[in-house]
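K.L.:
Provided herewith is a single structure, encoded as structure tokens, for subsequent inquiry.
The values are calculated or read from the model by the stated rules, or taken from the named source; none is laboratory data. The shown structure was predicted, so the numbers you read here are calculated from the model rather than taken from an experiment. Here the Cβ positions follow ideal geometry from the backbone for every residue, glycine too, while neighbour counts run over all protein chains shown. Keep in mind that these areas ignore ligands, DNA and RNA; they rest on the heavy atoms of the full protein, side chains included. Shrake-Rupley method; radii C 1.70, N 1.55, O 1.52, S 1.80 Å.
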Amino acid sequence: MSKIQSINPWNGKVIKEFAPLSPGEIETKLELSESTFQSWKRIPVSERASLIKRAGEILRKNKEEYARLITLEMGKIIRESRAEVEKCAWACDYYAEHAEEFLSPERIKLPDGKKAKIIHQPLGAILAVMPWNFPFWQVFRFAAPTLTAGNVGILKHASNVPQCALAIESIFREAGFPEGVFQSFLIDSKATLSLLEDDRVKAVSLTGSEKAGAAVSGSAGKNIKKSLLELGGSDPFIVLADADIPLAAETAVKARMVNFGQSCIAAKRFIIEESVYEEFLKLFTENIIQLKSGDPMEESSDYACMARPDLASELYEQIEKSVELGAKIHLGGQKPIKGSAEFIPTILSDIPEGSPAYSEELFGPVATFFKVKNATEAIRIANATEFGLAASIWTSDLKKGETLAGEIESGAVFLNAMVASQPALPFGGIKKSGFGRELGRQGILEFVNAKTVYLG
Ligand SMILES: O=CCCCC(=O)O
């Protein structure tokens, strides 16, 4: 089996290589998972909450070390990596504080005067298949609620971030979690699918592509196991004529350029009412041009590179095909150098229906612009996608904003703000963006058995 490589995308250098786990090693780890669960599920929630709190403290203590690792393995700028580690600690604090309340029994009074309650019990080993774009955050978003609920976690991380995977495992160990509560499995996708055939694995949470989601959820379904899918997005950013245009344009650039555009909830399609289209596009363009590119470890860099050269090539192909079909390049549009992960931020307009820029997710720094006559047309274009993750609407009329929010087909809508996840807000999509919710109370209840106990 080929080695799992940790490669610095900024300079293409191989940093480390790891041998994937052998079948025997996988078996040993699964056994540990199973035996640990039997004791872990009996630990009081308050004790599990103290351990997750401790994990948050370790994240903060070693923030710089973890941030450098993130930047080294997937190329995001160091400031963003630090923010990512802090956000993980925030999620740990949040569940440390709220897990007991969220998991406490729900009492039900029946119409005949009898009583029942719903108790929330952990399921066992939950497989987490996680992506490289937020190599710490995606894992903690899963692990903080799931482990605190009394499950044990098995992480199959993206193969380009093995050092992050191992660092996360060591955080749980250092925090005092019993050995086996959280394990990183360095394995390929074939071995991942086999895990779902194993009775000791009870459910799966996947964040990643539609293709990976369909394969994993298909296998989970075949084995009658629950899956939670958090897939792609092509989030609209709608700006109506009555919005604060300079603020919307400034925020729009942040929303598109976050993580160098490699985020499911990055704003991807800018749908602008015609009377403010030119003004908005001009400000957006000026704000993008001002950003400074450079080494991701440099404090002064605003962006660096994509996570892998093949991702840069794929993104360029989407632009190329869209332009062939009639899309116009307003900014950027250059072909990346072969073998390089660097990419020039690009703005496309006049996007024809049927082109990749119209219907596919553009997972990188490419903004697509749509001019619309009014809010009704804005909603039509916003919903003209297979995805349904989130959306941002800008208007000074909040009542109108709320009404429009109800019309958007997505898991979340943010008014006069960019879409951003936070521990207290349920996170997830509809349509081809997936199903299930992470974070908030919903997030911790995804992987529990809500058991009805009739009390009479
Ligand atoms: O690709 C998905 C990114 C989610 C980022 C977040 O939760 O903020």
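K.L.:
For K63, which of the numbered conditions (1) open to solvent by less than 50 Å² (accessible area, probe 1.4 Å); (2) out of contact with any strand residue (DSSP E or B) (no Cβ under 8 Å at 6 or more places or on another chain) fails to hold?
P.N.:
Every condition holds for K63 apart from (1).
K.L.:
Conditions first: (1) more than 22 Å from the chain's Cα centre (by Cα); (2) over 30 Å from D397 (Cα atoms); (3) among the aromatic types (F, W, Y). F369 passes all but one, so which condition is the exception?
P.N.:
The failed condition is (2).
K.L.:
Every residue in the stretch 237-252 that is open to solvent by 10 Å² or more (accessible area, probe 1.4 Å) and out of contact with any Asp or Glu (no Cβ under 7 Å at 6 or more places or on another chain), please.
P.N.:
Within the stretch 237-252, A243, D244, P246, L247, E250, T251 qualify.
K.L.:
State whether the residues of the stretch 202-210 include one that is within 16 Å of the ligand (Cβ to nearest atom) and open to solvent by 30 Å² or more (accessible area, probe 1.4 Å).
P.N.:
yes
K.L.:
Quickly run through the stretch 93-131 and pick out the residues that are open to solvent by less than 30 Å² (accessible area, probe 1.4 Å) and within 16 Å of the ligand (Cβ to nearest atom).
P.N.:
Correct list: Y95, A128, V129, M130, P131.
K.L.:
Now a separate question. Anything in the stretch 235-253 that is in a helix (DSSP H, G or I) and aliphatic (A, V, I, L, M)? List them, or say none.
P.N.:
Those that are in a helix (DSSP H, G or I) and aliphatic (A, V, I, L, M): I245, L247, A248, A249, A252, V253.
K.L.:
Moving on to the next point. Which residues, taken from the stretch 409-425, are part of a loop (DSSP other than H, G, I, E, B) and either open to solvent by 30 Å² or more (accessible area, probe 1.4 Å) or more than 11 Å from the ligand (Cβ to nearest atom) (or both)?
P.N.:
Of everything in the stretch 409-425, those that are part of a loop (DSSP other than H, G, I, E, B) and either open to solvent by 30 Å² or more (accessible area, probe 1.4 Å) or more than 11 Å from the ligand (Cβ to nearest atom) (or both) turn out to be E409, S410, G411, N416, A417, M418, A420, Q422, A424, L425.
K.L.:
With respect to S159, determine if the residue is of a type in the set (S, T, Y), outside any helix (DSSP H, G or I), surrounded by fewer than 22 Cβ atoms within 10 Å (Cβ to Cβ) and within 22 Å of the chain's Cα centre (by Cα).
P.N.:
yes
K.L.:
May I pose another question? In the stretch 426-447, which residue that is among the aliphatic types (A, V, I, L, M) and either open to solvent by less than 20 Å² (accessible area, probe 1.4 Å) or not in a strand (DSSP E or B) (or both) is nearest to the ligand (Cβ to nearest atom)?
P.N.:
Here the answer is L439.
K.L.:
Related question: Starting from the stretch 59-80, keep only residues that are at positive phi, then list their pairs with residues that are open to solvent by 50 Å² or more (accessible area, probe 1.4 Å) whose Cβ atoms are within a distance under 8 Å, requiring at least 6 positions of separation or different chains.
P.N.:
G75/W10
K.L.:
Let me ask you something else. Taking the condition crowded, with 17+ Cβ neighbours inside 10 Å and either in the same structural domain as A304 (by TED's automatic domain parsing) or of a type in the set (D, E) (or both), does G401 pass?
P.N.:
yes
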